[in-house]
Amino acid sequence: AAPWVYIKDLKEHVGESVCVKGWMYNKRSSGKIHFLQLRDGSGTVQGVMVKGEVPDEQFDAAKGLWLEASLEVTGVVRADSRAPSGVELTVADLKILQNPSEEYPIGKKDHGIDFLLDTRHLWLRSSRQNALMKIRNEIIWSWRCFFHDRGFMLMDSPILTGSIGEGADGLFELDYFDQKAYLAQTGQLYAEAAAMAFGKVYCFGPTFRAEKSKTRRHLTEFWMLEPEMAFYDNKMNMQLQEDLVVDTVKNVLANCEKELGALERDVEPLEKVVAGPFYHLNYRDAVRKLNELGSDIKFGDDLGADDETVLTQQYDRPVFVENYPKDAKAFYMKANPEDNGETVVCSDLLAPEGYGEIIGGSQREEDYGRLLNRMKELKMNPADYDWYLDLRKFGSVPHSGFGIGLERTITWICGLPHIREVIPFPRTIYRLKP
Ligand code: 4AD
Ligand code: MG
C-alpha cells in the first residue's frame, strides 16, 4: 500500500504514490471531475478525481460527500505551481471513513461570534484557528526552550490550593472534603518555595480568576508562565522579561510567517519590538503623562485598561511601568526603600499598539517582619501562610519573579481585537461549553 504522508510533506514526494488521511473541507465538481479540498491539520491540498481514472462506484460515492467527510485518499503527487502547497494529488483510490449525513454547521457565510464560540469544537478546524493555534504552540515551545536553555528548572505548582495567591477578589472557591479550597490564581508562592530549593525555576499552567466583567482581555481560565529567581533584583527581573519577549517575537516572526500572513497581521510593529530596548517609565511619570493625555487617574489608582491603551499607543516598543503604589498591588511585593514604603518594587510590562499589560512582576518582600506586618495590615490570616513565611525564616534572600500571560501575549502578537480566540476552549463569565 502507498505510504501515509502528511500534507505538509507532500512536496518531497512528487511523482510518488502516497496516501493522505484527512477531512474534506470543500468540494467542486463538474460532470467528469471532482476537486476535493483536503486538510489534515498539517496543511491543505487539492485532490483531483477524474471519471474513468478511478472505479466508477468511487467516483459516484464522491459525488455524495458532505463537508468534513473523513477520507483516506491515495494518489500520485504532482507539482503544481498554482497551488498554495505547491502540489496536487491525482486521486487513484478513495476510501470514505465517515460521510456526515447532514450539513456541516459552519458554512461559508459570516457567522456571529456567539455561534462560532458555541461551535468551538468544530470551529477549531478552520484555517484561521489553525493559524492561531500554531502560533500558540510556537510560543509555548519557545518559552520552554528559553527557560530550559538558561538553566531554569520547571516546577509545577498545584491548581488546588488553600492559600490565596493574589487577593480575595476573583477567587474560585470550592468544597474540598471538609475544608475550603481555591483554584490557583497564580503559582507564584510555590515557585518562591521552589526557587529557594533550586535557584532559578518556573511554573507554567492554567490559572483561574473569577472575572465578573466581560472584557477583551480577560478570561476566567488562562495560562501563565511564572519564573522565580533567587538573588535577582527587579532590574535583573526586567532584563529577563525583555529578553524573553524579544526572543518570543523573533521566533514567531521566523517560524510562523505563513500563519501571521493568514491572520493578515502587519509584522512591521513586531519588527520594531525586536529592534531596540524597551522603555521604562516610573508609575508617577505614567500618571502625569496619562493626565496630560486626558485621563483622570490619580496617584494610588491602578492603571485601567483604557489608561494602558492610551499609554502604549505612545510607544513603538513595550514599556515597563515601575513602582506602583502598594495598595494597587499584591501583599508579597517588596516595599520600595527609596519611597518610604509608599510604593513597591514592581513592574508591569505593557505591550504596544494599545494592548497593555502582558506581564506583572516584582521583587518579593524578603524580610519576615515587614511581610508579616503587611499581611496583618491587609487583614490576612498569617496562619494560612505559615509555610510561605517559613521561606523568610530559613535562609531568606532577595528574589524576584514575574508572570506572563500566554493568551494576552498571543492576542498582541497576532494583532487580534479580543482574547477569546487564542485558547482552544475559552472560559469566560457566560461560557463553560463546549
Ligand atoms: O499581574 P498578575 O495578576 O500577576 C500575578 O499573578 C503574579 N503572581 C505573577 C508573578 O509575579 N509570578 O498576572 C500576570 C499576568 C498578567 O500580566 C496578564 O498577562 C495575565 O497574567 N492575566 C490574565 N490573562 C487573561 N485573563 C485574565 N483574567 C488575566 N489576569 C492576568
Ligand atoms: Mg497585573
Right, Leu94: touching a residue at least 24 places away in the same chain (Cβ under 8 Å), over 26 Å from Asn137 (Cα atoms) and touching a helix residue (DSSP H, G or I) at 6+ places or on another chain (Cβ under 7 Å) or not?
-> yes
Failed item in (1) more than 13 Å from ligand 2 (Cβ to nearest atom); (2) of a type outside the set (A, V, I, L, M, F, W, C); (3) out of contact with any Leu (no Cβ under 9 Å at 6 or more places or on another chain); (4) touching a residue at least 60 places away in the same chain (Cβ under 8 Å), with Glu338 passing the rest = (4)
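Please verify whether region 130-139 includes one or more residues that are more than 16 Å from ligand 2 (Cβ to nearest atom), touching a strand residue (DSSP E or B) at 6+ places or on another chain (Cβ under 6 Å) and under 30 Å from Asp243 (Cβ atoms).
The answer is no; no qualifying residue exists.
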Those residues of region 159-170 which are away from ligand 2 (no atom under 16 Å from the Cβ) and surrounded by 15 or more Cβ atoms within 10 Å (Cβ to Cβ), in sequence order = Thr161, Ser163
Mind checking which residues of region 221-236 are surrounded by 18 or more Cβ atoms within 10 Å (Cβ to Cβ) and either more than 28 Å from Ile419 (Cα to Cα) or away from ligand 1 (no atom under 14 Å from the Cβ) (or both)?
-> Met229, Ala230, Tyr232, Asn234
Among the residues of region 235-246, is there at least one that is farther than 27 Å from Glu366 by Cβ and not hydroxyl-bearing (Ser, Thr, Tyr)?
-> yes
Reported set for region 165-191 where residues are in contact with an Asp or Glu (Cβ under 7 Å, 6 or more places away or on another chain) and either in a loop (DSSP other than H, G, I, E, B) or modelled with pLDDT of 95 or more (or both) is Gly170, Tyr182, Gln185, Thr186, Gly187, Gln188, Ala191
Over region 87-103, the set of residues surrounded by 15 or more Cβ atoms within 10 Å (Cβ to Cβ) and touching a Leu at 6+ places or on another chain (Cβ under 8 Å) is Val87, Leu89, Val91, Leu94, Ile96, Asn99
Scan region 135-168 for residues that are of a type in the set (D, E, K, R) and touching a residue at least 24 places away in the same chain (Cβ under 8 Å) and jot them down.
-> Arg136, Glu138, Arg144, Arg150, Asp156, Glu166
Scan region 195-220 residue by residue and report those that are buried (at least 22 other Cβ atoms within 10 Å of the Cβ) and either of a type in the set (Ser, Thr, Tyr) or over 23 Å from the mean Cα position of the chain (by Cα) (or both).
-> Ala195, Tyr202, Thr207
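Right, Leu117: at pLDDT 95 or above, surrounded by 18 or more Cβ atoms within 10 Å (Cβ to Cβ) and under 30 Å from Lys214 (Cα atoms) or not?
Considered against the rule, which asks whether it is at pLDDT 95 or above, surrounded by 18 or more Cβ atoms within 10 Å (Cβ to Cβ) and under 30 Å from Lys214 (Cα atoms), Leu117 comes out as yes.
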Considering each residue of region 390-434, count those that are closer than 30 Å to Asp247 by Cα, within 11 Å of ligand 1 (Cβ to nearest atom) and part of a loop (DSSP other than H, G, I, E, B), and give that number.
-> 4
Please find, within region 367-410, the residue that is farthest from ligand 2 (Cβ to nearest atom) out of those that are among the charged types (D, E, K, R) and surrounded by 17 or more Cβ atoms within 10 Å (Cβ to Cβ).
-> Arg392
What are the residue pairs meeting all of these: first residue in region 397-409, first residue farther than 14 Å from Trp143 by Cβ, second residue within 11 Å of ligand 2 (Cβ to nearest atom), Cβ atoms under 8 Å, and 6 or more apart or on different chains?
-> Ser400/Gly361; Ser400/Ser362; Gly401/Gly361; Gly401/Ser362
Given (1) of a type outside the set (Phe, Trp, Tyr); (2) free of Cβ contacts under 8 Å to residues at least 12 places away in the same chain; (3) buried (at least 17 other Cβ atoms within 10 Å of the Cβ), index of the condition Ile423 fails = (2)
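Anything in region 269-295 that is over 12 Å from Val249 (Cβ atoms) and among the charged types (D, E, K, R)? List them, or say none.
Answer for region 269-295, where residues must be over 12 Å from Val249 (Cβ atoms) and among the charged types (D, E, K, R): Arg284, Asp285, Arg288, Lys289, Glu292.
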Hits in region 280-305 (condition: in contact with a Ser or Thr (Cβ under 7 Å, 6 or more places away or on another chain) and either without any contact (Cβ under 8 Å) to a residue 60 or more places away in the chain or among the hydroxyl-bearing types (Ser, Thr, Tyr) (or both)) | Tyr283
Of the residues in region 192-241, those that are within 16 Å of ligand 2 (Cβ to nearest atom) and assigned to a helix (DSSP H, G or I) number 4
Would a scan of region 280-294 turn up a residue that is at pLDDT 95 or above, crowded, with 16+ Cβ neighbours inside 10 Å and under 22 Å from the mean Cα position of the chain (by Cα)?
-> no
Inspect region 112-133 for any residue being more than 30 Å from Gly205 (Cβ to Cβ) and assigned to a loop (DSSP other than H, G, I, E, B) and give the result as yes or no.
-> yes
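The values are calculated or read from the model by the stated rules, or taken from the named source; none is laboratory data. Quick caveat, the model's predicted, so the values are computed rather than measured. As a convention, Cβ positions derive from the backbone with ideal geometry for all residues, glycine included, and neighbour counts pool all protein chains shown.
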